[in-house]
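Have a look at the structure below, then the notes.
The values are calculated or read from the model by the stated rules, or taken from the named source; none is laboratory data. The model shown is predicted, which means the values in this text are computed figures rather than measured ones. As a convention, Cβ positions derive from the backbone with ideal geometry for all residues, glycine included, and neighbour counts pool all protein chains shown.
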Amino acid sequence: MNTTPATDTGGTVGPGKVGPGIVGSAAVDTVIIGAGQSGLALGYYLAQQHRNFVILDAGTRVGDAWRSRWDSLRLFTPAKYNGLPGRPFPGDRLAFPTKNEQADYLEDYASRFHLPVRLNTAVTRLSHDGRRFHVTAGTQRWTAANVVLATGACQLPKTPGFAAELPSDVVQFHSHNYKNPAQLKPGPVLVVGVGNSGAEIALETSRTHETWLAGTPSAEIPFRHGRTAARFFLPVVRFAGMHVLNTNTPVGRKVLPKMAAMATPLIRTKLADLRAAGVRLVPRATGVQDGGVMLDDGQSLPVANVIWCTGFTEAYPWLDIPALPTNWREQQHRGIVDALPGLYLLGKDLIFAAASETLPGVCRDAKYLAKRLAATRTPQHAAEVQSELAG
């Protein structure tokens, strides 16, 4: 597999009078922020339109968002659903790829289609002058008619405020930083959060440590996850999530707002699996007292390790557009932000359908967004880029 990182071919970069500390600038039609599956899928379609665009990503390699997760992580979707447009996922179609296999696929995809990815490029500011967007990353700046936020759901790890009150000798970290049980010290482990991450990590740590899992159990899918499910049941779930539960259908418009407030059901690891492995299910954690973690029922657990599987916060600290209302993310349809023409979202939960955050949903939403971009602005040619830079 070719894993050479893709290079930037999405704009002419050079010196310009663009403000203090800025040593290079480029004018492009579209800036995509994020080189994960959503950014790459959209990039594929924009490349088919011969548009002038660039994909910016803070990672050192395409796919690093997957590589950074815990070692044993496997996708819930089978390989037949994990490919991007123009390139099926290789290998056994009913297998569930590891996180590194998915990461390597994305890296190969970006290279294979020569997508204009700029790595090691963390966005530090996104502004709008009333006509165009300005995207700053260190000493570089891009000016664009369109900006697509494709940064994914796992942005800022979220932990409760009382985590700072735990004694210094307690090993604690968020699931984002958990790799494997070798990171843990001897003694009990408390995993906080009964979502899929919490359930899978608790099952893993129970093999080497006494493990408690704190939180309110969520629902479970009504069948056993695996190859049989990939063949017979997951296609039905995929169809419902793509074609039934979306904002174009009456049932979708009724159900999606309720889904936004619901926890994702347990998929691979069930409560029965946890109990069979000796994991103790306990009420939610509420605070720290005398060095132990307090639970909702008044218990105090003398833990040696805590893993916070408490989710992520969607945040754009570099977004500097005062005119945007605070609820601008909710004022969107299929990724098109109503409050500011030219600003788009991609790869976010429930943008259009229940499956919008999954790989199949990302591909469909990217294709739709590319068509909308094609309808609102013609591809920007090199002469126009040079003219804007000179101006």
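Points to keep in mind about this one:
- Filtered residue count, the stretch 327-351, keeping only those that are surrounded by 23 or more Cβ atoms within 10 Å (Cβ to Cβ) and over 14 Å from residue 30 (Cβ atoms): 2
Matching residues to (1) modelled with pLDDT of 95 or more; (2) more than 26 Å from residue 276 (Cβ to Cβ); (3) of a type in the set (Val, Ile, Thr); (4) assigned by TED's automatic domain parsing to the domain that holds residue 298:
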| residue | (1), (2), (3), (4) |
| --- | --- |
| 174 | yes, yes, no, yes |
| 180 | yes, no, no, yes |
| 183 | yes, no, no, yes |
| 187 | yes, no, no, yes |
| 191 | yes, no, yes, yes |
| 198 | yes, no, no, yes |
| 202 | yes, no, no, yes |
| 207 | yes, no, no, yes |
| 211 | yes, no, yes, yes |
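- Checking each residue in the stretch 60-76 for being closer than 26 Å to residue 46 by Cα and assigned to a loop (DSSP other than H, G, I, E, B) picks out 60, 61, 62, 63.
- Residues satisfying the criterion are absent from the stretch 101-109 (criterion: surrounded by fewer than 20 Cβ atoms within 10 Å (Cβ to Cβ) and either polar (S, T, N, Q) or within 23 Å of residue 322 (Cβ to Cβ) (or both)).
- Within the stretch 174-219, tally of residues that are among the acidic types (Asp, Glu) and within 22 Å of residue 68 (Cβ to Cβ): 2
- In the stretch 160-183, the residues that are buried (at least 19 other Cβ atoms within 10 Å of the Cβ) and assigned to a loop (DSSP other than H, G, I, E, B): 170, 178
- Residue 179 vs. criteria basic (Lys, Arg) and under 16 Å from residue 74 (Cβ atoms): yes
- Among the residues of the stretch 180-209, those that are within 16 Å of residue 282 (Cα to Cα) and either free of Cβ contacts under 8 Å to residues at least 24 places away in the same chain or among the small types (Gly, Ala, Ser) (or both) comprise 193, 195, 198, 199, 202, 206.
- Of everything in the stretch 74-84 that is among the hydrophobic types (A, V, I, L, M, F, W, C) and within 15 Å of the chain's Cα centre (by Cα), the residue that is farthest from residue 102 (Cα to Cα) is 76.
- Test: residue in the stretch 58-65 that is over 17 Å from the mean Cα position of the chain (by Cα), at negative phi and aliphatic (A, V, I, L, M): no
- The set of residues in the stretch 82-100 that are surrounded by fewer than 20 Cβ atoms within 10 Å (Cβ to Cβ) and not in a loop (DSSP other than H, G, I, E, B) comprises 87, 98, 99, 100.
- Residue in the stretch 192-241 that is surrounded by the fewest Cβ atoms within 10 Å (Cβ to Cβ), counting only those that are of a type in the set (Ser, Thr, Tyr) and under 23 Å from residue 82 (Cα atoms): 228
- Residues that are part of a strand (DSSP E or B) and buried (at least 19 other Cβ atoms within 10 Å of the Cβ), drawn from the stretch 146-157: 146, 147, 148, 149
- Test: residue in the stretch 223-242 that is at negative phi, in contact with a strand residue (DSSP E or B) (Cβ under 6 Å, 6 or more places away or on another chain) and outside any helix (DSSP H, G or I): no
- Number of the exception - residue 315 against (1) assigned to a loop (DSSP other than H, G, I, E, B); (2) at pLDDT 95 or above; (3) closer than 18 Å to residue 33 by Cα: (2)
- Strands (runs of 3 or more DSSP E) contained in the stretch 261-305 and holding at least 2 residues of a type in the set (D, E, K, R) and surrounded by 15 or more Cβ atoms within 10 Å (Cβ to Cβ): none
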